[in-house]
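Quick notes on the structure that follows.
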Amino acid sequence: MTTSNITWHASQVGRNERRGCTTGRGATLWLTGLSGSGKSTVAAAVEHQLVRSGRSAYRLDGDNLRTGLNADLDFGRESRMENARRASEVAALFADAGVVSVVALISPYAESRRSARELHERAGLTFVEVYLASPVDLCSSRDPKGLYAKASAGEIGSFTGVDDPYEVPVAPDLAIDPGLPVTDAVDRILVTLGRLEGSASAFGRALSLAV
């Protein structure tokens, strides 16, 4: 598919103006980890806490995205890369509009997660990578959707952690250990978000003073 005949149509509404309507700055919280690691549960709790506190947020869950936007993708490497790419593009649009995107996506490949971060950084948007660090043995024992059992029986192919790799984040912004209560995980994620947003603001102020 060529993009040579496509021109970006700029909005008449600026980012700061949007923030005035959406109660704050946009950002993306990217939760990665194996199936069964707790991504969806924690993401839902983070979204709920943000909205309760008066901040706009929207959760982009991997399974939910595959029922619509990404319904045409399979689970091969190229499709998984495209799955993450589309999610990152949508998350960045939400963040640009002043909404906190809470992405819950296995996103097994480091290249995909790096690309998602770089997309946000180029746009001057806060990106927080959160690794749900539950090992495959624990996730397999939980198996809330019965997927590990199906993968082990050969009923599902290219299943992350069984016959497809998961590239563990080397330097995530935050790692959530298995067994940490959901409420504590939410607190740590929101503290990390606030810290990184503060760092971004400080960098912006320093840059403006240097000009």
### Query
Out of the residues in the range 125-138 that are outside any strand (DSSP E or B) and of a type outside the set (D, E), which is nearest to S101 (Cα to Cα)?
L125
### Task
List the number of the failed condition for L73; all other conditions in (1) over 30 Å from G20 (Cα atoms); (2) free of Cβ contacts under 8 Å to residues at least 60 places away in the same chain; (3) of a type in the set (A, V, I, L, M); (4) open to solvent by 40 Å² or more (accessible area, probe 1.4 Å) hold.
(4)
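A84: open to solvent by less than 30 Å² (accessible area, probe 1.4 Å) and either over 22 Å from S37 (Cα atoms) or not in a loop (DSSP other than H, G, I, E, B) (or both), yes or no?
Values: open to solvent by less than 30 Å² (accessible area, probe 1.4 Å): yes; either over 22 Å from S37 (Cα atoms) or not in a loop (DSSP other than H, G, I, E, B) (or both): yes.
For A84, the condition - open to solvent by less than 30 Å² (accessible area, probe 1.4 Å) and either over 22 Å from S37 (Cα atoms) or not in a loop (DSSP other than H, G, I, E, B) (or both) - is met.
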### Message
Going by what's in this entry, would P172 be described as out of contact with any Gly (no Cβ under 9 Å at 6 or more places or on another chain), in a loop (DSSP other than H, G, I, E, B), buried (at least 17 other Cβ atoms within 10 Å of the Cβ) and not charged (D, E, K, R)?
### Response
yes
### Message
Please go through the range 139-155 and give me each residue that is aliphatic (A, V, I, L, M), free of Cβ contacts under 8 Å to residues at least 40 places away in the same chain and either under 15 Å from D63 (Cβ atoms) or not in a helix (DSSP H, G or I) (or both), ordered by number.
### Response
A153
### Residues of the range 132-148 classified as within 21 Å of S79 (Cα to Cα) and open to solvent by less than 10 Å² (accessible area, probe 1.4 Å), total
1
#### Entry: Among the candidates E129, E111, residue that is acidic (D, E) and crowded, with 20+ Cβ neighbours inside 10 Å
E129
### Query
Within the range 39-81, how many residues are of a type outside the set (G, A, S) and either part of a helix (DSSP H, G or I) or in contact with a Cys (Cβ under 9 Å, 6 or more places away or on another chain) (or both)?
17
### Summary
Here the residues within the range 96-108 that are closer than 17 Å to L190 by Cα and surrounded by fewer than 23 Cβ atoms within 10 Å (Cβ to Cβ) are G98
### Task
Would you be able to tell me the number of residues in the range 46-65 that are open to solvent by 80 Å² or more (accessible area, probe 1.4 Å) and under 12 Å from the mean Cα position of the chain (by Cα)?
1
### Query
For A151, which of the numbered conditions (1) within 17 Å of V42 (Cβ to Cβ); (2) surrounded by 14 or more Cβ atoms within 10 Å (Cβ to Cβ) fails to hold?
(1)
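The values are calculated or read from the model by the stated rules, or taken from the named source; none is laboratory data. What you see is a predicted model; the values in this text were computed from it and never measured. Cβ sites come from the backbone with ideal geometry, for glycine too, and all protein chains shown count toward neighbours. When the accessible area is computed, the model is the full protein with side chains, heavy atoms only, and any ligands, DNA or RNA have been set aside. Shrake-Rupley method; radii C 1.70, N 1.55, O 1.52, S 1.80 Å.
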